Amino acid sequence: DAKTTQPTSMDCAEGRAANLPCNHSTISGNEYVYWYRQIHSQGPQYIIHGLKNNETNEMASLIITEDRKSSTLILPHATLRDTAVYYCIVRASDNQGGKLIFGQGTELSVKP
Amino acid sequence: AAGVIQSPRHLIKEKRETATLKCYPIPRHDTVYWYQQGPGQDPQFLISFYEKMQSDKGSIPDRFSAQQFSDYHSELNMSSLELGDSALYFCASRPGQVNSPLHFGNGTRLTVT
């Protein structure tokens, strides 16, 4: 599965949009991009995933560049409860067993 | 909506003891995964099961074993516990559809003294 690169940390003002980037320049055609977040000591929470089209759900939007080498997770109106570590993970559709490999995520701090 | 249930939430054991962690997946999810997260670390994949058969194996110590039962719940058995086994242990489940996401439980915190 392709390796991802994310900034170590980011700050965001409460009520503003949080834009979290992820670089996955070695992604291949059958690999999906997944986003999870982990609030301190809780289980990782699924946010959204996509292949090549932009995706939106009740939690966030996922913007994938046309060449698929990078993506951005957008939290449209960040709240204090969105403070967490955000993980961008790339997984092949034929990945044996479907496991996710967590790398270093982005620690997002939402400030009042 | 039903979530992944893990028990116990907290467990304290002494060195060289054994521990058993349990995981109850979301209904109709046939695949379960176990992860270990040490202090200040990212979750590390240990092992997974699909339809009661081991489907993948990660960095699981030989002292650990796991299985999935006919009702799809899973147990992680840990023997000869070491101080370094102190960690959060997460279970996740997903349905069989390709590319479906994993859904995680809130973990068991194991402390070895």
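Shown here are the Rg and Dmax of the Cα trace of region B:49-113, at 13.2, 41 Å. Of all lysines in the structure, the ones whose alpha carbon falls short of 26 Å from that of A:LYS69, not counting any fewer than 8 places away in one chain, are A:LYS3, A:LYS52, A:LYS99. Indicate the gyration tensor shape class of region A:33-112 (rounded, prolate or oblate), computed on the Cα atoms with a ≥ b ≥ c the square roots of the eigenvalues: a/c under 1.5 is rounded; otherwise a/b larger than b/c is prolate and the rest oblate. Oblate, since a/c reaches 1.5 and b/c is not below a/b.
Return, ordered by residue number, the residues of region B:2-19 whose backbone nitrogen is under 14 Å from a label point located 7 Å along Cα→Cβ of B:HIS73. Those under the cut-off are B:4-9. The H on the amide N of B:ALA66, modeled in the peptide plane, is under 5 Å from the matching H of B:ASN77, each at least 5 residues off or on a different chain.
Treating the Cα atoms of chain B as identical point scatterers in vacuum, please give the log10 of the normalised Debye intensity I(q)/I(0) at q = 0.18 Å⁻¹, two decimals. The computed values of log10 I(q)/I(0) come out as -0.84. Sorting A:GLU66, B:GLU17 from the fewest to the most surrounding beta carbons within 10 angstrom yields A:GLU66, B:GLU17. Arranged from fewest to most other beta-carbon atoms within 10 Å of their beta carbon, A:LYS111, A:LYS69 become A:LYS111, A:LYS69.
Residue exposure proxy: B:CYS91, B:CYS23, ordered by other Cβ atoms within 10 angstrom of their Cβ from fewest to most, comes out as B:CYS23, B:CYS91. Projected onto its three principal axes, the C-alpha set of the protein assembly as shown covers 50, 39, 33 Å, listed from the longest axis down.
FYI, it's all coordinate maths here, none of it is from the lab. Because the structure is a prediction, the values reported are computed rather than measured. Using ideal geometry, Cβ is built from the backbone for each residue, glycine included, and neighbour counts are taken over all protein chains shown.
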